[in-house]
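**Q** So that we are looking at the same thing, I have put the structure below in structure tokens.
Every number here is computed from the coordinates shown, using simple stated rules; none is lab data. Please read all numbers here as calculations on a predicted model, not as lab measurements. Glycine gets a Cβ as well: all are built from the backbone with ideal geometry, and neighbour counts include every protein chain shown.
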Amino acid sequence: MRVIIEASPVGITILRPAEGLDMSNVTEFRQTLQQAVQQAKRGLIVWLTDVTFMDSSGIAVLIEGLKWSRERHLPYVLAQLTPAVRMVIELARLENFFTVAETMEAATRLIAPTA
């Protein structure tokens, strides 16, 4: 699985997985996400604009990421959900469980309002 990890100028870690988040690659993504949460300084954005498919194992790892972020008292935002990802999150009734932003700029403002 290809995952791009970036650091914003204001200290936010941005994780950008590509392709799908499903049983075939979720173990690899889980390790990357856990590492990103541990190294994040100000907060974490999971940018989902390139995720074309997600199943329940993908939802589970996103929930784990939220749990790890809460343990570190870090903001955790899902940004730019594709229709496929949004549908799975809504079917699981988790749209109010996660903090979701429509754009990267909105996600950044949620974590660092003065950025």
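**Q** How many residues are surrounded by 15 or more Cβ atoms within 10 Å (Cβ to Cβ) and among the polar types (S, T, N, Q) when one looks only at region 4-29?
**A** Number of matching residues: 3.
**Q** Are any residues in region 77-87 of a type in the set (Val, Ile, Thr) and buried (at least 20 other Cβ atoms within 10 Å of the Cβ), and if so, which ones?
**A** Going residue by residue through region 77-87, those that are of a type in the set (Val, Ile, Thr) are 77, 82, 85.
Residues satisfying the conditions are 77, 85.
**Q** Report yes if some residue within region 94-115 is part of a helix (DSSP H, G or I), among the hydrophobic types (A, V, I, L, M, F, W, C), without any contact (Cβ under 8 Å) to a residue 60 or more places away in the chain and crowded, with 20+ Cβ neighbours inside 10 Å; otherwise report no.
**A** No, region 94-115 contains no residue that is part of a helix (DSSP H, G or I), among the hydrophobic types (A, V, I, L, M, F, W, C), without any contact (Cβ under 8 Å) to a residue 60 or more places away in the chain and crowded, with 20+ Cβ neighbours inside 10 Å.
**Q** Then there is this: Restricted to region 63-90, and to residues that are under 13 Å from the mean Cα position of the chain (by Cα) and of a type in the set (D, E, K, R), which residue is farthest from residue 12 (Cα to Cα)? Please lay out each step first, then the result.
**A** Here is the first cut: in region 63-90, the residues under 13 Å from the mean Cα position of the chain (by Cα) are 63-69, 74-82, 85-86, 89.
Retained after the next criterion (residues that are of a type in the set (D, E, K, R)): 64, 67, 86.
Values: 64: 19, 67: 17, 86: 23 Å.
The selected residue is 86.
**Q** Test residue 58 against the stated conditions and say whether it is small (Gly, Ala, Ser), more than 18 Å from residue 107 (Cα to Cα), without any contact (Cβ under 8 Å) to a residue 40 or more places away in the chain and surrounded by 20 or more Cβ atoms within 10 Å (Cβ to Cβ). If you could, list the steps in order and put the result at the bottom.
**A** Values: small (Gly, Ala, Ser): yes; more than 18 Å from residue 107 (Cα to Cα): yes; without any contact (Cβ under 8 Å) to a residue 40 or more places away in the chain: yes; surrounded by 20 or more Cβ atoms within 10 Å (Cβ to Cβ): yes.
The answer is yes for residue 58.
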